[in-house]
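The structure under discussion appears below in the form of structure tokens.
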Amino acid sequence: MSPIPPPTGPAGLQSDLDAARDAEHTGRREAAMALYRRVLELGESGGAEAAAAHDALARLLVGQDMAEAAGHALASWRLTPTDQTRRSNLWQLLTHLGEAGDVARFQGREDCVGLVALGNALRRDGQALRAERAYRRAVERFPEVSFTLSRLACLCAEQHRLEEADALFLQAAERHGGRDAVTRTAPAFLASLHEGPAPAGIRATLAEGAESTDRPLVVYACCDAVYARKFLPTMVRSIVEDSGLDCAIALHLINPDDEAEATVASLAAAHGAGRFIVLRETIDLTPLGDNAKTYYACSRFLVLPDLLARWKRPVLMLDVDLLAIRDLNPLLATSARSDLGMMSHALKRLDIWSLLYADVLHIQPTMGAWRFLDLTRRYIRHFLDHGMPVWFLDQAALAAVHLAGFAGQAAPRLTVYPADIHSSTVMVDGEGRYWTDDSAYFYSVRATGGGQHAVHRLKRRAGTTADVKQGKTQG
């Protein structure tokens, strides 16, 4: 590693910052962190250079020490409180830091990061009362850091203190918006949605193949043109060849272009046009800007109740970047007697937005499932109509409907899939053959934390990672 030049004093802050960024971009991590820290030592005024250095250190440290990263993120946010990206970074870190084994590490700390980390660690360790005390100390001692309200709100929701959680989410929303702004857990709010006028669905054409009505199950995926080109071929192949399902395949295309249409045509030619159902939705998403991705995630929920009533068959709704990596029938059998089957990852994330995942839904053609999905549609439509297309709106809706949507009445029956239905690893060779966990049912780049390869590179599942370790790589 090249030696760091001697300090140049406050006048050299920008030069040091530029050198730190160059070191970071060229992969010299330790040199970059040393330079960023020197910017902080010299930048006594706490100006823009210090804010940038704190922000960079938060990014560099997140995989090494999340609490230290959160400390830098907090410092950066304090210096630039209107910066949306830095605000989001801090919110994420305060949400996820603190493991069950960290209780002793954070015990006794009275700074904001330490208190939130302690609260999170205590929650993961099953000590909810002590966790609440830590969160409340953080709220009381650092009222300007409104992100602590989210931690306390999620704990209250976990304990079904739904009105209290709702009030905290509203307070957080007034202060910093984001996911808290589209999270409501008061039964009265959900009841008002249920009692309101029927929500709008979507405007779309529907083409159903001649053989699609003969299939006992519909596999349904929704995406825009870009994801259609990138993920549909591999996803559809996995359903046809690896899932073991006798199913129709419904593809919901939002604003499809010529390439997306060509992709669908090639899939129909390869796998039999008669089994495909194609919905084509055209909508102007220009007003949403970068938040159009929220609509792509939510549009399927705006039409699901209508599709369920039309098809009168079980529906397996999947994210389009998922691959079925083995026979799905055993998984679906576990939820066949429920109204819905969904995955939960709440213990890992400690937040309401991961209470129920939207990537795998097994839906039975029952009144209970329809009631759940109808209220989910009403919830999503409410926030879309109020100009709040916040990312994770779909999962906020699922959680709110599950927790608060059926107070005083029989709730739909729900089967909760464990998180390890997703493969946590994937190994891919140069020919696109891939190996995944033996026990999992799906692989997804996003759901498993990034992965090594984009899904569209995967061509054929050759076996399990255990096979690779044993040298069984032929196939």
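Among the residues of the stretch 84-132, those identified as among the acidic types (Asp, Glu) and outside any loop (DSSP other than H, G, I, E, B) are Asp102, Glu132. Is it true that some residue in the stretch 54-63 is within 22 Å of Asn120 (Cα to Cα), of a type in the set (Asp, Glu) and outside the structural domain of Gly119 (by TED's automatic domain parsing)? So far as the stretch 54-63 goes, no, none of its residues is within 22 Å of Asn120 (Cα to Cα), of a type in the set (Asp, Glu) and outside the structural domain of Gly119 (by TED's automatic domain parsing). When Thr80 is tested against the conditions (1) closer than 23 Å to Ile352 by Cα; (2) surrounded by fewer than 23 Cβ atoms within 10 Å (Cβ to Cβ), the lone failure is (1). No other residue among Ala225, Ala250, Ala207 is closer than 30 Å to Phe406 by Cβ, touching a strand residue (DSSP E or B) at 6+ places or on another chain (Cβ under 9 Å) and modelled with pLDDT of 95 or more apart from Ala250.
Candidates in the stretch 25-70 are the residues that are under 24 Å from the mean Cα position of the chain (by Cα) and part of a loop (DSSP other than H, G, I, E, B); of these, the one that is surrounded by the fewest Cβ atoms within 10 Å (Cβ to Cβ) is Gly63. Restricting the first member to the stretch 267-288 and to residues that are under 18 Å from Arg215 (Cα atoms), and the second to residues that are in a loop (DSSP other than H, G, I, E, B), the beta-carbon pairs closer than 6 Å and six or more apart or on different chains are Ala273/Gly209; Gly274/Gly209; Gly274/Ala210; Gly274/Glu211; Arg275/Gly209; Arg275/Glu211; Phe276/Gly209. For the stretch 387-443, a tally of residues being among the small types (Gly, Ala, Ser), closer than 23 Å to Ser299 by Cα and crowded, with 19+ Cβ neighbours inside 10 Å returns 6. Going residue by residue through the stretch 377-389, is there one that turns out to be in contact (Cβ under 8 Å) with a residue 60 or more places away in the chain, over 17 Å from Ala157 (Cα atoms) and out of contact with any Leu (no Cβ under 8 Å at 6 or more places or on another chain)? For the stretch 377-389, residues in contact (Cβ under 8 Å) with a residue 60 or more places away in the chain, over 17 Å from Ala157 (Cα atoms) and out of contact with any Leu (no Cβ under 8 Å at 6 or more places or on another chain): present.
A Cβ distance below 7 Å, combined with a sequence gap of six or more or placement on separate chains, defines the contacts here; from the stretch 422-441, residues that are touching a residue at least 24 places away in the same chain (Cβ under 8 Å) and part of a loop (DSSP other than H, G, I, E, B) reach residues that are surrounded by fewer than 18 Cβ atoms within 10 Å (Cβ to Cβ) and among the hydroxyl-bearing types (Ser, Thr, Tyr) in the pairs Thr425/Thr465; Asp437/Ser424; Asp437/Thr425; Asp437/Thr465. You will find that of Gly196, Gly178, the residue that is under 25 Å from Asn291 (Cα atoms), touching a residue at least 40 places away in the same chain (Cβ under 8 Å) and not hydrophobic (A, V, I, L, M, F, W, C) is Gly178 and no other. Scanning the stretch 99-131 for residues that are under 20 Å from Ala75 (Cα atoms) and either of a type in the set (Lys, Arg) or in the same structural domain as Gly71 (by TED's automatic domain parsing) (or both) returns a single hit, Arg109.
Being of a type in the set (Asp, Glu) and buried (at least 18 other Cβ atoms within 10 Å of the Cβ) is a description that applies to Asp102.
Only one of the listed residues (Ala358, Ala336, Ala309) is crowded, with 17+ Cβ neighbours inside 10 Å, of a type in the set (Gly, Ala, Ser) and either at pLDDT 90 or above or in contact with a Ser or Thr (Cβ under 9 Å, 6 or more places away or on another chain) (or both). That residue is Ala358.
Need a quick list: strands (runs of 3 or more DSSP E) entirely within the stretch 251-353 having at least 3 residues that are farther than 30 Å from Glu158 by Cα and assigned by TED's automatic domain parsing to the domain that holds Pro389.
276-281
Hey, can you tell me all the residues within the stretch 238-262 that are surrounded by fewer than 19 Cβ atoms within 10 Å (Cβ to Cβ) and either under 26 Å from Thr282 (Cα atoms) or under 23 Å from the mean Cα position of the chain (by Cα) (or both)?
Residues satisfying the conditions are Asn255, Asp257, Asp258, Glu259, Glu261, Ala262.
Within the stretch 238-266, being among the charged types (D, E, K, R) and either free of Cβ contacts under 8 Å to residues at least 24 places away in the same chain or touching a Lys or Arg at 6+ places or on another chain (Cβ under 8 Å) (or both) holds for Glu241, Asp242, Asp246, Asp258, Glu259, Glu261. Checking the structure you have, find out if any residue of the stretch 391-406 is within 30 Å of Gly177 (Cα to Cα), aromatic (Phe, Trp, Tyr), over 16 Å from the mean Cα position of the chain (by Cα) and not in a helix (DSSP H, G or I). Yes, there is a match, as at least one residue in the stretch 391-406 is within 30 Å of Gly177 (Cα to Cα), aromatic (Phe, Trp, Tyr), over 16 Å from the mean Cα position of the chain (by Cα) and not in a helix (DSSP H, G or I).
Scan the stretch 195-231 residue by residue and report those that are part of a helix (DSSP H, G or I) and more than 27 Å from the chain's Cα centre (by Cα). If the condition is that a residue be part of a helix (DSSP H, G or I) and more than 27 Å from the chain's Cα centre (by Cα), then Glu195, Ser212, Thr213, Asp214 are the ones that fit.
Results for (1) among the charged types (D, E, K, R); (2) under 28 Å from Pro389 (Cβ atoms); (3) in contact with a helix residue (DSSP H, G or I) (Cβ under 9 Å, 6 or more places away or on another chain), shown as yes or no for each residue.
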position: Ala138; (1), (2), (3): no, no, yes
position: Phe142; (1), (2), (3): no, no, yes
position: Thr148; (1), (2), (3): no, yes, yes
position: Arg175; (1), (2), (3): yes, yes, yes
position: Phe189; (1), (2), (3): no, yes, yes
position: Ala210; (1), (2), (3): no, no, yes
position: Ser238; (1), (2), (3): no, no, no
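For the stretch 147-194, filtered to residues that are surrounded by 18 or more Cβ atoms within 10 Å (Cβ to Cβ) and not in a helix (DSSP H, G or I), the residue that is modelled with the lowest pLDDT is Phe147. Pairing each residue of the stretch 50-70 that is over 16 Å from Arg28 (Cβ atoms) and basic (Lys, Arg) with any residue that is modelled with pLDDT under 95 and outside any helix (DSSP H, G or I), provided the two are 6+ apart or on different chains, yields no C-beta distance under 8 Å.
The values are calculated or read from the model by the stated rules, or taken from the named source; none is laboratory data. Note that the structure is predicted; figures quoted are calculated from it, not measured. Using ideal geometry, Cβ is built from the backbone for each residue, glycine included, and neighbour counts are taken over all protein chains shown.
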